[in-house]
1. Using the Karplus curve 6.51 cos²θ - 1.76 cosθ + 1.60 with θ = phi - 60°, work out ³J(HN,Hα) for each residue of region 105-115 in order, rounded to whole Hz, and write x for Gly and Pro.
2. Within region 128-212, which trypsin sites (Lys or Arg not before Pro) sit in a loop by DSSP and count at most 10 neighbouring Cβ atoms inside 10 Å?
3. In the chain, what percentage of the DSSP-assigned beta bridges are antiparallel, given to the nearest 5?
4. Setting aside same-chain residues fewer than 8 positions from K384, which aspartates and glutamates have a Cα under 14 Å from its Cα?
5. Would you compute the Debye intensity of the chain from its alpha-carbon atoms alone, equal scatterers and no solvent, and pass along log10 I(q)/I(0) at q = 0.06, 0.07, 0.09, 0.14 Å⁻¹ to two decimals?
6. Add -39500 (n - 2.57) for each DSSP H run of 4 or more in the chain, then divide by its residues: what number comes out at 222 nm, to the nearest 500 deg cm²/dmol?
7. Which cross-chain or sequence-distant (5 or more) residues have an amide H under 5 Å from the amide H of A122, H modelled 1.01 Å from N in plane?
8. With a cap of 15 neighbouring Cβ atoms within 10 Å, and only residues DSSP puts in a loop, list the GluC sites (Glu not before Pro) found in region 226-332.
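Read the figures in this text as sums done on the coordinates, not as results from a lab. Keep in mind that this is a model prediction, so the values were computed, not measured. Positions of Cβ are generated from backbone atoms using ideal geometry, with glycine treated the same way; all protein chains shown enter the neighbour counts.
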Amino acid sequence: MKTLKFDVQDRFLLVMNVLISAVFITLFTSCEEKNVYEQFQKVSGRLETTIDTISFEAVKLDSVHCSGESFSWISSDGKICYYDNYFCWLYTFDGDGHLQNRRLGYGRGPNESLIRQGMVCAMSNDGEFAICGNTYDYEYYSAEMGLKHRFMLKQEKNSLDPKNYMTYTTADFDICARLNDEKLYMGMTSDSEKFSFFTTPAEYISESYRIGVIDLRKGKAMPMEIKGFPPIYAQDHQKFTSFDGVDFDIDREGNFYIGFRADSLVYVFDKNLKPRYAFGVSGKGMDRDYESVTMDNLRAYGRNLSDKGYYSWVEFVDETKTCFRSYKKGSMSDYDGLQIYKDGQMVGDCNVPKGLKVTGYIEPYYYSQVFNDNDEGLTIYRFKL
């Protein structure tokens with residue numbers, strides 16, 4: 001039997017190794033527990049020359065068959081895209097509103113969609129297109145609208161794992177989705193009785209994730225991304241329950257621009273989802289006198305969304321390196337707000353028509369989303385800066 005002997009030097013080295021290991025474990029644990037949003041360096045201030053008014057031009061789109069339930073955006077090749085999520089038609093128009101083509105549509109024919117009602121859709125910078133249905137069914141198309149992959153995710157009941165896609169839902173009132181590098185990214189929330197902003201606020205604020213990721217090529221859900229909420233949400237969670245959604249965009253370099261609806265800051269992550277910097281200025285004339293959402297006052301949830309002010313859509317325009325952030329002022333205002341940022345500094349904050357958000361650029365105009373008026377048909381707004 002061998003006997004282990006330690007001399008003084010051996011004991012010293014052993015103790016030092018234990019101490020060093022303990023320090024590294026402590027540092028690692030501290031970094032893990034720190035709120036990621038406290039790690040951002042804020043770009044402060046606004047430029048002296050600010051844009052305070054925008055002149056909008058209304059463009060009528062050619063008449064098409066549509067239901068009124070839709071998504072719209074500007075493609076990277078300079079087309080107005082309009083997806084009717086009931087009939088599943090994808091229409092494209094030129095910048096002056098003239099119809100170019102109609103593709104997809106619900107049916108079983110070649111390159112038709114089997115998704116009866118699209119909950120989410122998105123188009124990548126290279127023109128690829130993805131649709132998510134309301135039963136975890138997905139379709140992924142090439143830029144020529146040839147079907148690349150159709151699949152359905154297996155539903156997992158009662159998942160409470162914060163990293164698991166199935167713990168969350170896309171049943172948000174205004175879902176944000178982006179398609180990049182063969183992955184569909186979606187802002188998500190949880191309505192579980194055991195894990196949600198309303199029922200378990202402290203755990204949800206610190207442990208939940210904001211963005212779901214679907215690998216469209218492999219046909220599977222990836223681990224959730226972007227953990228937690230900015231510190232403002234922990235200050236008075238009952239007043240912020242209505243605003244647990246997230247809005248974001250991805251630029252051509254893969255950077256994420258992420259906005260929370262109760263927070264004036266936009267947080268920029270790199271393509272590996274590491275913190276870079278944050279920027280943002282409070283909107284003008286926002287009614288932020290939120291009601292507390294409690295078991296005795298559940299209707300406050302809807303009233304906060306319909307009557308109060310909060311931040312919404314984020315759009316980064318690669319062609320001009322300009323970031324737009326929309327915000328609602330509240331029901332007492334006749335307008336919403338639109339902030340304009342360059343290099344993290346605000347260069348404009350303007351009144352805009354209710355509900356307007358910027359969706360892209362066709363030189364020399366920036367374009368809003370498409371508005372559907374049953375009497376007037378489809379209209380889109382454009383403007384120059």
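1. My calculation for region 105-115 gives x, 6, x, 10, x, x, 6, 9, 9, 9, 7 Hz in order.
2. Details: sites: K148, R150, K154, K157, K163, R178, K183, K194, R210; in loops: K154, K157, K163, K194.
In loop regions of region 128-212 (DSSP not H, G, I, E or B), the sparsely surrounded trypsin sites (Lys or Arg not before Pro) are K154, K157.
3. Working: 90 of 96 bridges.
In the chain, DSSP labels about 95 percent of beta bridges as antiparallel.
4. Straight-line reach from K384, under 14 Å: D52, E57, E319, E363.
5. Result of the Debye calculation: -0.27, -0.36, -0.56, -1.32.
6. Details: 5 runs with 49 residues, N = 385.
Helices in the chain give a 222 nm mean residue ellipticity of -3500 deg cm²/dmol.
7. Under 5 Å from the amide H of A122: A130.
8. Details: sites: E253, E291, E315, E319; in loops: E253, E291, E319.
Within region 226-332, the qualifying GluC sites (Glu not before Pro) (loop, at most 15 other Cβ atoms within 10 Å) are E253, E319.
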